[in-house]
Structures are given as structure tokens and as C-alpha cells.
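As C-alpha cells, the structure follows; a few thoughts come after it.
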Amino acid sequence: MSTLHANQFLQVFQNRRERCRKLLELSRRQKELIDQGNYTRLLTVLGHKQRILTEMDDFSEQTPDLWSSWRRHRETLSGGVRDDCNHVLAETEALLAELVKEETDSTDALTERRDATRVSLKSISDGSQVHNAYRDNLAPATHRHLNIDR
């Protein structure tokens, strides 16, 4: 299906809009799971998103001339169909804008958690190093102390 007929544009655009809507729903769920720290279920949501993106990518490969064909044929469509297509495309663009915001928020939340974890691990590591510096591994447990007169 490399070339679309004029009457197929609306169906294709509606299908694309619905996939974008589903991606937005999944992105919102993704953010909730990140906030909850539920990474097991997050992986499931990411898998669903990947399947949708793969389907969209496959369709794009099957119809590489979609946008040039749309530009070429949109003026030949009846006013109602053309208006419907334009409306669906506008809704899709709005969904994509929301999707980008959700993805940015999720990325920011994950980055904050990563940075907090890094700080915690550094603190633990520094504490272990300090503990090891004051401990004489060869001395019996009763002789472990810091000699401040040295």
C-alpha cells in the first residue's frame, strides 16, 4: 500500500490519532508508575508503547509518500472530507504536544531519582571508606579504636 487513494486519508489519519491517544494514555500511566517507584509494571507499559511505535513505524515504511500524497490530493477532496482530515490532524498534533510534555516530565522524574540514588550510594561509599580508615583489620575486636594522640 505505497500510494493512498483520496478516500483513505481520513481513515489513516484517524488511525494515527488513536495510536497517539493510546501513547499519551500509556505515558501518563508511565509517569504514575515512576512516581510510585513501580519499575516492574513500568517495563510492561514501556513494552506496550514500543509495540505501538513499531506499528506506526511499519505503517510509515509501507506508505513513505503519505505526506507528499496528502499535499498533492488534499485540494481535490470534498470540503467535508478535507475539513475532517484537517481536524483529525490538528487533534493529533495537540496529542503529540501533550505526549512530548508527559515524556519530558517522566524523563525529569527518572533523572531526579537517578541523581538521588547516586548521592545516596556516594554517601554509603564514603561512610564505608571512613569506617575502614578507622578500623584495624588485624587487631581483635576489643582493640579497635581511634588513637587521637598519634
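Assigning unit charges at the beta carbon (Lys, Arg +1; Asp, Glu -1) and nothing else, what dipole magnitude in debye, to the nearest 20, does segment 6-133 show about its Cα centre?
200
Expressed as a fraction of 2.2 N^0.38 Å, the rule-of-thumb size for a compact globular protein of N residues, what is the C-alpha radius of gyration of segment 6-133?
1.57
Give me the mean projected area, in nm² to one decimal, of the convex hull enclosing the Cα positions of segment 63-128. Kindly include the intermediate steps, with their values, before the conclusion.
Values: hull surface 26.9 nm².
Here the figure is 6.7 nm², rounded to one decimal.
Whole-Hz ³J(HN,Hα) for each residue in segment 119-126, computed from phi via Karplus 6.51 cos²θ - 1.76 cosθ + 1.60 with θ = phi - 60°, x for glycine and proline: what do you get?
In residue order, the calculated couplings are 5, 4, 5, 5, 4, 5, 4, 4 Hz.
For segment 22-86, just the Cα atoms, rotate onto the principal axes and tell me the three extents in Å, largest first.
Dimensions of segment 22-86 along the principal axes of its Cα atoms: 52, 24, 11 Å.
Only the coordinates and a few stated rules stand behind these numbers; no lab work does. Keep in mind the model is a prediction, meaning the values are calculated, not measured. Reconstructed Cβ throughout: ideal geometry from the backbone, glycine too, with neighbour counts over all protein chains shown.
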